[in-house]
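Chemist: Sharing a structure, written as structure tokens. Questions coming.
The values are calculated or read from the model by the stated rules, or taken from the named source; none is laboratory data. Please read all numbers here as calculations on a predicted model, not as lab measurements. Cβ placement follows ideal geometry from the backbone for every residue including glycine, while neighbour counts extend to all protein chains displayed. Side chains included, ligands, DNA and RNA excluded: accessible areas come from the protein's heavy atoms. Shrake-Rupley method; radii C 1.70, N 1.55, O 1.52, S 1.80 Å.
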Amino acid sequence: MSGRGGQQRRGTSAKNRRRGRVDDDRPLERRPGSKDRGVRVLYVACEGEKTEVDYLNYLTKEFGDGEEGRPSFRIQPISKKNGYLPTETVAAVRRYADADEAWVLFDRDGADRDDDIRQALKEAAASKIEVGFSHPSFDLWLLLHFQPFTGAQNGSSKIIVDKLRSAPAAAAFKDYDIRNDKSVKGARRDALLGREKTAVLNAKALVGTCEHGDCKGGRASVKPVSRDAEPESSPRWSARSGHSAHCPALKRDPSTDVWRLLAALEIVPHSK
């Protein structure tokens, strides 16, 4: 593919193609013909270099073939060593997706990132890039596969990770984030399988418990929007999550919008 500057990008290494992700330290080769074969292609830039990438590859592997009446899809994760800032995820997916469907996944984490997050949300809205924002982190989305969760965390994932490690149905996660192991492969991947509907319902329930009071998961929009459509304000674009346009993303504690990706791919139905 050509970058926005018009320069031709060369292929990624065979190693990274086998891993099913784009390493942003290397150029990307667009796989030809996917649209002609009726495969929906999504480019997803991830703040983290491991957990989110593993999870996205899991979605493609388990659900991408279009069984049970679902459309076929392929997710192309974009990441880099040591991760991105939120604004960098938006810039990265712009480079690679061109006019294709584009998403970014990033977290709140600590308060020192708040200005960058606000800017990332504005830039995503301007480019019609879907946002899977998690507050405090993507770890919340993993936990919601096994149990509901409530209570503001103020940017800390400690309690969430502790609950994930100790959840009775999540034995494979007992050593999660120990010795920096945040992978989602093997037994951990198997533990998630079949719990997608539970995770979506738990995440949508969090929208409804938002302190703003006018947020409802059933109002969320998951229908793709053309990248060529007119830009929208950041609050209106962010309201596709089901949160009110007047509810600042940084106040949605706890919450995760990753469920919208599964609903958009029809892995789990979205009901109003």
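Chemist: Which of these, GLY218, GLY66, GLY38, has the largest mean-square fluctuation under a Gaussian network model of the chain (Cα springs below 10 Å)?
Modeler: GLY38
Chemist: Of all accessible surface on the chain at a 1.4 Å probe, what whole percent is carbon and sulfur?
Modeler: 47
Chemist: Then there's this: How large is the accessible surface per residue of the stretch 99-188, computed with a 1.4 Å probe and reported in Å² as a whole number?
Modeler: Heavy-atom SASA per residue in the stretch 99-188 reads 41 Å².
Chemist: If you don't mind, another one. Please sort 190-203, 119-132, 219-232 by packing, taking for each peptide the average over its residues of neighbouring beta carbons within 10 angstrom, highest first.
Modeler: Put in order of decreasing packing, that is 119-132, 190-203, 219-232.
Chemist: Go through ARG236, ARG260 and list them by solvent-accessible area, largest first, probe radius 1.4 Å.
Modeler: ARG236, ARG260
Chemist: Separation of the stretch 153-171 and the stretch 241-257 by C-alpha centroid, Å?
Modeler: Measuring centre to centre over Cα atoms gives 21 Å.
Chemist: Tell me, in nm to one decimal, what length is gained between ARG179 and LYS81 on full extension, where the rule is 0.36 nm per residue of separation less the Cα-Cα distance?
Modeler: Gain on stretching ARG179 to LYS81: 33.5 nm.
Chemist: Could you name the lysines whose alpha carbon sits less than 18 Å from that of LYS216, not counting residues in the same chain fewer than 8 places away?
Modeler: Once the sequence-local lysines are set aside, what remains near LYS216 is LYS197, LYS204, LYS251, LYS272.
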